[in-house]
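Notes follow the structure.
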């Protein structure tokens, strides 16, 4: 196996583990602090900045969950739906577009690619109003199903980030495989299905993970397009705890923020397994 | 800049399976590929034409007006290049924000990538619980720009915060970092670097894609681990490194949410964390100068496009692609 | 095996190029059309102004959209109050949207831009002029004069605080005034006297200095970044924040203000600049009096009960230093009607109901501030049980008796004036600028903000 230090294998693993643990401790400290805060009473949050509360207040979780007319679970469900659909839309549409850019020759490819990168670059805040007007004209805003403006773009590969990501991954797939298939008379569609897709797993997994998280955390766009409390998603709902001019239910907010990490974390842990299985190209070469 | 020229391999001649072109001869497969390209590209094209292009062009148009979001489009006044002129000559906050953003990107991006790569290498190994480790390192990135995180960060990095407690163990008296105009931006950088989990995951995926035979072959040739890293890992990983570099640079320059929540939407203290997009948001939404903000956005796009072009052209020298095309 | 393409293979592609040119021209024209059409449609949608069915069939089902900010508590109360209206007018239902005030005005601007502004929306004096001067809010004067909107039970200065350029742009919902909140427990523990209403600024700073020395906690937050403290201080000198379309103060005033507080900082009456910065926000949970980093905070009087919830200590509230008659009955927020709404009459009726109906008033309580209708205010005050709320109401009533006339509603650009003040004050607090330098910069920025550069 490949190692980087000149120590016996056991020693290397131990050192590796040690370094990881130290880094991990530093990285996780703020999160531990969040955990501690989520079980502090309201008075303590403002005054006690230590890690752990003097008065253990798990009620924050219950309060947070039940604070609104709808249980927080509803917000989780909404976010989950948006996130899952986003993942599906992105994975499919961006994969298609990436294949075109990475593997096919067609007229104006360079220009389209440049435009695609260009769409990544414009700050979203100046787009939201024109987008709102556009979606309103299309009749997608509001009832009956307010999620259209959030989801339809995902099925049309509007997230150039993922197209670019997949292009880069695809370019790491040896072109000889394509050629081999083409020699056997495969059309671009066949090459796509039988060569590229199976080998695109890391790209797809990465896209899935990031799509999920972005959709899960997208505050501004979800705020703009959702108007009914029942339709709200987690990032919007989290802000409802604190109105800076009136109430500030900080404890429940921390509790729900932490809770909202759980699904995303689980999603990630589940999917990252797929990254573990590397590509064994020996089978293909042979 | 963009994808390079024709591939070294030409279209193979010979009987092709009947494709949509179904034209026999040398034009056939080429034309078929052309069409296939557009077929695969069609969702993206539809999205571009229908959803992305119109708002972008609208915002370009608005950048030449005094649009304030509340007056309707028909009553908007054309002001030509006034917005651009003001931006470059009469608005001190503009160049200040540019400086802040450049400083942020120049320091935070390399550090974040280096950390991400380092930890990815450490985690690129199947040992027990590695999945959990990966998840835990990734956890900070999951928090995005939440208000809760901002509160945590402020409480950790203010005068009585945990960070200073740590420093006092070594006898150092810390500054009030997040509340100090000289250090607030650095606090923001630390926040960005802390969320290295995202590029780390991408590095992991890229590392996983490197065929193990290459390492086997290298060690058969007697290469030590460091040499293997330089000869196998780095080149094979270079497309992914490149990707991360470009994206993190773009993200670094575009950084909004962290600055927004950490400074309470002000860019404070005294504009020390006034990132470009935060300034843009303030101008557009808080001050209702949407036309001006649109102009700022387009200048930003051009600037970042130039930086991206530079990155793409330097990529030609060190990025190695397996499809035979080197940029 | 792999050969370069023959010359013959090249030709079809060039022919393709030529045939593609008119295609790309068509694409360009299509693009142009795609840009123009939504613009035109949006313009048409926004431009539409009347549609207010004057003689509406009172039994036709109507759904009004209403938008406000607040937390869950306010949402519940508002929804209950609206339910009361529906009970009395069964054909009227509401599409309610509420959220925290973070992002509220961003969303409101976006909705307005999209021609989708809610029929009724909550707004405050930071943005009232912005929206009113751009004709987004409906002018309610005719409704008031015609009796459809009854403001007779409102204190005159309060409802007049909703008049922008001679038009009644919003109905005041909730009155508040400046309140200096101090930590009673801390003072008692150290045998220190409480500050009193009417204390001069100089005396107050001395008092704070004393607290710092004795209780080892800075006596007061430094309010030099706080526009409402500056505003009161100006009014006590016969000036004002705005006068007609101009600023109501001079650069020297600003210098004086900054120097006053520099002195206070030098004497130790306030915390250090970094701690001051933490408190320079509107968040209740971050106010220094609550986080224990200062003995006093400068807030609105009706925020005292909420502040109390964040600390174990007892709190007290008085007016800002100086002559309390310089304070005024500020509308903590308004409800406005969208001028482009096609249900104007009903919308106004709803607002009238929420302001004046005794039952609705009781339900809404003091959540948005003191009820604007004096009768309702009396009824609500008597039924309040929370001692902190009682105290803040008592203080506001006591001060209310002394108020002078209200200032005009802040001009367009007020948000920027506020943020520039924070920036300028902090420059002085961090010793990066002298009071005079900061004042010059601030004054110039203000003039630019209100369009008088």
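Among the residues of the stretch A:60-96, write down those that are touching a residue at least 24 places away in the same chain (Cβ under 8 Å) and not in a helix (DSSP H, G or I).
Those that are touching a residue at least 24 places away in the same chain (Cβ under 8 Å) and not in a helix (DSSP H, G or I): A:67, A:68, A:69, A:70.
What residue, of C:156, C:175, is within 24 Å of residue A:243 (Cα to Cα) and either away from chain A (no Cβ under 13 Å) or more than 22 Å from the chain's Cα centre (by Cα) (or both)? Walk me through it before giving the result.
Values: C:156 fails: within 24 Å of residue A:243 (Cα to Cα).
The conditions single out C:175.
Hey, could you check the stretch B:59-85 for residues that are assigned to a helix (DSSP H, G or I) and at pLDDT below 90 and say which is nearest to residue A:126 (Cα to Cα)?
Going residue by residue through the stretch B:59-85, those that are assigned to a helix (DSSP H, G or I) are B:59-62, B:73-75, B:82-85.
Checking which are at pLDDT below 90 leaves us with B:73-75.
Numbers: B:73: 15, B:74: 18, B:75: 19 Å.
Once the filter is applied, the top-ranked residue is B:73.
Yes/no matrix, rows are residues, columns are (1) surrounded by fewer than 17 Cβ atoms within 10 Å (Cβ to Cβ); (2) free of Cβ contacts under 8 Å to residues at least 60 places away in the same chain; (3) over 25 Å from the mean Cα position of the chain (by Cα):
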position	(1), (2), (3)
B:92	yes, yes, yes
B:95	yes, yes, no
B:103	yes, no, no
B:119	no, no, no
B:122	no, yes, no
B:126	yes, yes, yes
B:134	no, no, no
B:137	no, no, no
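Could you check, for the stretch A:17-38, whether at least one of its residues is within 12 Å of chain B (Cβ to nearest Cβ) and under 30 Å from residue B:321 (Cβ atoms)?
Of all residues in the stretch A:17-38, those within 12 Å of chain B (Cβ to nearest Cβ) come to A:17-38.
From what's left, under 30 Å from residue B:321 (Cβ atoms): none.
For the stretch A:17-38, residues within 12 Å of chain B (Cβ to nearest Cβ) and under 30 Å from residue B:321 (Cβ atoms): absent.
Have a look at A:250, A:262, A:236, A:205 and point out the one that is modelled with pLDDT under 90, at the interface with another protein chain (Cβ under 8 Å from one of its Cβ atoms) and within 30 Å of residue C:69 (Cβ to Cβ). Let's see the steps before the verdict.
Working: A:262 fails: at the interface with another protein chain (Cβ under 8 Å from one of its Cβ atoms); A:236 fails: modelled with pLDDT under 90; A:205 fails: within 30 Å of residue C:69 (Cβ to Cβ).
Residue meeting the stated conditions: A:250.
If I go through the stretch C:55-106 residue by residue, how many of them are in contact (Cβ under 8 Å) with a residue 12 or more places away in the chain and in contact with a strand residue (DSSP E or B) (Cβ under 8 Å, 6 or more places away or on another chain)?
Total satisfying the criteria: 30.
Residue B:147: crowded, with 18+ Cβ neighbours inside 10 Å, in contact with a helix residue (DSSP H, G or I) (Cβ under 9 Å, 6 or more places away or on another chain), more than 7 Å from every other protein chain (Cβ to nearest Cβ) and closer than 28 Å to residue C:276 by Cα, yes or no? So that I can check it myself, show each step before the final result.
On the way: crowded, with 18+ Cβ neighbours inside 10 Å: yes; in contact with a helix residue (DSSP H, G or I) (Cβ under 9 Å, 6 or more places away or on another chain): yes; more than 7 Å from every other protein chain (Cβ to nearest Cβ): no; closer than 28 Å to residue C:276 by Cα: yes.
Judged against the criteria, residue B:147 is not a match.
Being under 20 Å from residue A:135 (Cα atoms) and at the interface with chain B (Cβ under 7 Å from one of its Cβ atoms) is the filter; apply it to the stretch A:156-190 and report the residue that is surrounded by the fewest Cβ atoms within 10 Å (Cβ to Cβ).
Checked the stretch A:156-190; the qualifying residue surrounded by the fewest Cβ atoms within 10 Å (Cβ to Cβ) is A:156.
Which numbered condition in (1) part of a loop (DSSP other than H, G, I, E, B); (2) away from chain B (no Cβ under 14 Å) is the only one that residue C:187 fails?
So residue C:187 meets the others, but not (1).
Taking the stretch A:126-152 as the region of interest, how many residues are without any contact (Cβ under 8 Å) to a residue 24 or more places away in the chain and at the interface with another protein chain (Cβ under 7 Å from one of its Cβ atoms)?
9
Residues checked against (1) assigned to a loop (DSSP other than H, G, I, E, B); (2) in the same structural domain as residue C:219 (by TED's automatic domain parsing); (3) crowded, with 24+ Cβ neighbours inside 10 Å:
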position: C:299; (1), (2), (3): no, yes, yes
position: C:303; (1), (2), (3): no, yes, no
position: C:336; (1), (2), (3): no, no, yes
position: C:340; (1), (2), (3): yes, no, no
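For the stretch A:5-45, what are the residues that are modelled with pLDDT under 80 and either in a helix (DSSP H, G or I) or under 22 Å from residue B:193 (Cβ atoms) (or both)?
First pass over the stretch A:5-45, keeping only residues modelled with pLDDT under 80: A:5-13, A:42-45.
Matches in the stretch A:5-45: A:9, A:10, A:11, A:12, A:13, A:42, A:43, A:44, A:45.
Every residue, every condition in (1) in contact with a helix residue (DSSP H, G or I) (Cβ under 6 Å, 6 or more places away or on another chain); (2) at the interface with another protein chain (Cβ under 7 Å from one of its Cβ atoms); (3) modelled with pLDDT of 55 or more, yes or no:
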{"residue": "B:4", "(1), (2), (3)": "no, no, no"}
{"residue": "B:10", "(1), (2), (3)": "no, yes, no"}
{"residue": "B:13", "(1), (2), (3)": "no, no, no"}
{"residue": "B:17", "(1), (2), (3)": "no, yes, no"}
{"residue": "B:26", "(1), (2), (3)": "yes, yes, no"}
{"residue": "B:29", "(1), (2), (3)": "no, no, yes"}
{"residue": "B:36", "(1), (2), (3)": "yes, yes, yes"}
{"residue": "B:42", "(1), (2), (3)": "no, no, yes"}
{"residue": "B:47", "(1), (2), (3)": "yes, yes, yes"}
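State which residue pairs qualify: first residue farther than 20 Å from residue C:184 by Cβ and more than 10 Å from chain B (Cβ to nearest Cβ) and inside the stretch C:266-291, second residue surrounded by fewer than 22 Cβ atoms within 10 Å (Cβ to Cβ) and at pLDDT 90 or above in any location, beta carbons under 8 Å apart, and separation of 6 or more residues or different chains.
C:267/C:209; C:268/C:209; C:268/C:212; C:268/C:213
Of all residues in the stretch B:205-238, how many are in contact with a helix residue (DSSP H, G or I) (Cβ under 7 Å, 6 or more places away or on another chain), more than 7 Å from chain A (Cβ to nearest Cβ) and part of a loop (DSSP other than H, G, I, E, B)?
Summing the residues that are in contact with a helix residue (DSSP H, G or I) (Cβ under 7 Å, 6 or more places away or on another chain), more than 7 Å from chain A (Cβ to nearest Cβ) and part of a loop (DSSP other than H, G, I, E, B) in the stretch B:205-238 gives 2.
Filter the stretch C:88-121 down to the residues that are closer than 26 Å to residue A:134 by Cα and away from chain A (no Cβ under 11 Å) and list them by number.
C:94, C:105, C:117, C:119, C:120, C:121
Would you mind finding the one in C:149, C:158 that is closer than 24 Å to residue C:377 by Cα and assigned to a loop (DSSP other than H, G, I, E, B)? Walk me through it before giving the result.
Values: C:158 fails: assigned to a loop (DSSP other than H, G, I, E, B).
C:149 is the lone residue from the list that is closer than 24 Å to residue C:377 by Cα and assigned to a loop (DSSP other than H, G, I, E, B).
Within the stretch C:258-275, identify whether any single residue is at pLDDT below 95 and in contact with a strand residue (DSSP E or B) (Cβ under 7 Å, 6 or more places away or on another chain), and answer yes or no.
Taking every residue of the stretch C:258-275 in turn, none turns out to be at pLDDT below 95 and in contact with a strand residue (DSSP E or B) (Cβ under 7 Å, 6 or more places away or on another chain).
Exactly one condition in (1) more than 10 Å from chain B (Cβ to nearest Cβ); (2) within 19 Å of residue C:298 (Cβ to Cβ); (3) buried (at least 20 other Cβ atoms within 10 Å of the Cβ) is false for residue C:388; which is it?
Going through the list (1) more than 10 Å from chain B (Cβ to nearest Cβ); (2) within 19 Å of residue C:298 (Cβ to Cβ); (3) buried (at least 20 other Cβ atoms within 10 Å of the Cβ), residue C:388 breaks only (3).
Within the stretch C:205-285, considering only helices (runs of 4 or more DSSP H) that don't extend past its boundaries, which have at least 1 residues that are over 24 Å from the mean Cα position of the chain (by Cα) and outside the structural domain of residue C:299 (by TED's automatic domain parsing)? Steps first, please.
Working: elements: C:227-235, C:251-266, C:273-279.
Counting at least 1 such residues, we get no helices (runs of 4 or more DSSP H) at all.
Restrict the check to the stretch B:277-294 and report whether at least one residue is more than 9 Å from every other protein chain (Cβ to nearest Cβ), within 20 Å of the chain's Cα centre (by Cα) and surrounded by 20 or more Cβ atoms within 10 Å (Cβ to Cβ). Give the derivation first.
Keep residues of the stretch B:277-294 that are more than 9 Å from every other protein chain (Cβ to nearest Cβ), which gives B:278-279, B:283, B:289, B:291-292.
Then keep just the ones that are within 20 Å of the chain's Cα centre (by Cα); that gives B:278-279.
Filter again for surrounded by 20 or more Cβ atoms within 10 Å (Cβ to Cβ), leaving B:278-279.
Yes, that holds for at least one residue.
The values are calculated or read from the model by the stated rules, or taken from the named source; none is laboratory data. From a predicted model like this one, the values you see are computed outputs, not experimental measurements. Note that we place each Cβ from the backbone using ideal geometry, even for glycine, and neighbour counts take in every protein chain shown.
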